[in-house]
Amino acid sequence: MRRIVPALLIFLALGPLPGTHMRFPVLQTGSQQIAARPLDYPADTAGVLRFVRGWRLVSPNQAFGGLSSLAVIGPDRFQFVGDNGWWTRLTLHSDGRISDAGIATLPAEQGGKQRKWQRDVESMFHDPASGKSWMAFEGVNQVWRLDPDLTKVESRARLPEPRWPGNRGPEAMVRLADGRTIIFSEDADDDPRGREALAFTGDPSVPGTNAIRFFYDSQRKGLVSDAAPLPDGRILLVHRRMGFRSVFTTVLAIVDPADIGPGRVIRSQWLARVPLPLADNYEGAAVEVRGGRTYVWLVSDDNFNSWQRTLLLQFELVGLPPPPKTDSKKAAR
């Protein structure tokens, strides 16, 4: 019974409602135009999560939208991938002007056109040194490594067994400075200890790369929707929760990767909640350090529904809490 109410909320939030229509992800115009409309919301001067600026992104290209992953690939340069298998790159200037925009489809796994569930990218990270990108696909439970132009799949591998459910798979993926790659499932394995996650010792797109399985207990923060590495080595986790007061609630927390171990349960420190007036279906996150300041970018998934929006927000992270002093083995038992 405990899953019935969340399931209904997800249907109402993500499914087409009476009086609305769904924009199916079919390219109709081939347009590469994208515009950024500024949000009317005051900048914050207090708190840990300080709003800096935000925009609503719009495009006449019907393939644009459904954005579920985000990477900052250069100064003011962004890369997005949607759950329809299309990617977007753009440069967003300080005045809101967009330049060098491109919208295109990812290469097919086995050639030819694929169904949406076979091209459902939910998480991504970008390597600034090589320009390559790693993407995790939910429907097929795979991780791909793509070339800098996103035109060639250099390597691909299935996640280790047992297989995660097709619609509850690799929702968040982050590469750590020590070379490990951490992948959090959205809701795999209904285990009382938490949701399943994987820690790879090397490249997860290479078949046979060793991985350990552990669990994440969100302590009612919601389901993980994305993750990004922080400058201090910890991981920023973005959670999505459904409710009645606000359809979407986004909670940010911090987890220490030092707590990760085979079969262990890790937990996170609450950081902040996205303000209610900015509430939306945020599924992509990236952390950027500029001028000695740390920023987090969030992008929302409009699910190709006419009543939802594609929002790109910038927050500054100020005064992050230090790692807990409690012995991690006791905290994660």
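Each value in this text was obtained by applying a stated rule to the coordinates, not by laboratory testing. The shown structure was predicted, so the numbers you read here are calculated from the model rather than taken from an experiment. Virtual Cβ from ideal backbone geometry, glycine too; neighbours counted across all protein chains shown.
Some values worked out for this structure:
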item	result
If the convex hull is drawn through the Cα atoms of the chain, its volume per residue in Å³	142 Å³
Extension gain from THR45 to THR201, taking 0.36 nm per residue of separation minus the Cα-Cα distance	52.2 nm
Packing rank of 277-283, 186-192, 201-207, where each peptide gets the mean count of other beta carbons within 10 Å, highest leading	277-283, 201-207, 186-192
Helical contribution to [θ] at 222 nm, DSSP H n ≥ 4, -39,500 (n - 2.57), averaged over the chain, rounded to 500	-1000 deg cm²/dmol
Förster radius 22 Å - calculated FRET efficiency between GLU161 and ALA258 (Cβ-Cβ, nearest 0.05)	0.25
Whole-Hz ³J(HN,Hα) from phi, Karplus 6.51 cos²θ - 1.76 cosθ + 1.60, for the stretch 249-263, glycine and proline x	10, 10, 10, 9, 8, 10, 10, 9, x, 5, 7, 6, x, x, x
Simple label model, 7 Å out from Cα along Cβ direction - SER99 to ARG37, nm	2.5 nm
Under the Karplus curve 6.51 cos²θ - 1.76 cosθ + 1.60, θ = phi - 60°, whole-Hz ³J(HN,Hα) for the stretch 55-71, x wherever Gly or Pro sits	9, 9, 8, 9, 7, x, 6, 5, 8, 7, x, x, 5, 10, 8, 8, 9
Net length gained if the chain between ARG290 and ASP189 were fully extended (0.36 nm per residue, minus Cα distance)	32.5 nm
Lys/Arg +1, Asp/Glu -1 at C-beta; the chain dipole; positive extreme among ALA253, PRO204, GLY96	ALA253
Computed over the stretch 4-321: relative contact order in percent, which uses C-alpha pairs under 8 Å that are six or more apart	17 percent
Highest to lowest packing among 144-155, 129-140, 41-52, scored as the average C-beta count within 10 Å	129-140, 144-155, 41-52
Placed amide H near ALA101: partners under 5 Å, 5+ positions off or other chain	THR91
